[in-house]
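Readers should treat all values here as calculations from the given coordinates under stated rules, not as data from a laboratory. Computed from a predicted structure; not experimentally measured. Cβ sites come from the backbone with ideal geometry, for glycine too, and all protein chains shown count toward neighbours.
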Amino acid sequence: MKTSGLRDGLGWLLVLAREQNMTVAAAELGIAQPTLSRMLSRLESRLGQRIFDRPGRRLVLNPAGARLIAHVRRADAELAAAEQELRAAPPVPLRLGFLHSFGTWLVPRLITDLGLGGPDAPIELSQGAADLVVEQLRSGRSDVAVTSPRPPTTELVWRQLMRQQLWLAVPADHPLAGLDGRRSVRLATVGEQPFLSMPHGFGMRSILDNLCAAAGFTPRITVESQELTTVAALVGAGLGIAVLPAEDVAAVPPGVRLLPLAGSDDYREIGLVWRPDPLPHVREFTERAVRSCAGWVSPAVR
């Protein structure tokens, strides 16, 4: 008798009751005879009485054992029905949260690479600012999130997917626009200029604030937008400068020049975050996503 899942804890006893032979039952179960003997001894010790008589080298189910086995058979039948019902139920959808900008390139590629979104692998998507995405995860409204930067908490598990290069976006008529694109710019040299950015609570705003603090100044934000594409377009309109991850802007708007930033910290980490002890389908997604992104050929800097 082969059992699996919920029924593993009962199968050995039913086999032993049927065979009433330790050697035969152990062989059928694929375990060593001494192991099976110890399992029976522990059970009888917990019950406070023997359920098998042992005339000679034989095992004979006694009246107490017969009563126990009757209950075990009913329990096994109920568990078998439960397993069948659960297997027949629709797959549990993966609830994935992510930043708005990742919806234009990273999330669609992950879904495609991992074969998600079909009847056998349903997925529910939600997007928002970094703070909102993390809060949805903490509260159980999502299973896993793609976010940046790394949340400042030890309550959640984090795995880096990639590092993404950051660029200084300037209008085409900006004094720095004529620089060779291979020449990097130090952020401190533009500290007095008007910046365009996302509002507080968004990942790129946190990154900008941290980069500027490291460069020794507080950015003067003149316009805020919740979309990086809008920020880039406002740069093209000549309203200010911005720090952008180029991959998140589907097409660099006309009138924008991207200049590499100097410094080893001028990138952003993109990663997955989830609660400890995830459900199996969530754990499988995180493992496959990390492996998949490791093989990507992308402009992102790893």
Next item on the list: Report yes if some residue within the stretch 89-97 is within 30 Å of Trp274 (Cβ to Cβ) and either assigned to a helix (DSSP H, G or I) or touching a Phe, Trp or Tyr at 6+ places or on another chain (Cβ under 9 Å) (or both); otherwise report no.
Entry: yes
Notebook entry, point to check: Is the stretch 120-143 home to any residue that is surrounded by 15 or more Cβ atoms within 10 Å (Cβ to Cβ), among the β-branched types (Val, Ile, Thr), closer than 16 Å to Val290 by Cβ and without any contact (Cβ under 8 Å) to a residue 60 or more places away in the chain?
Noted result: no
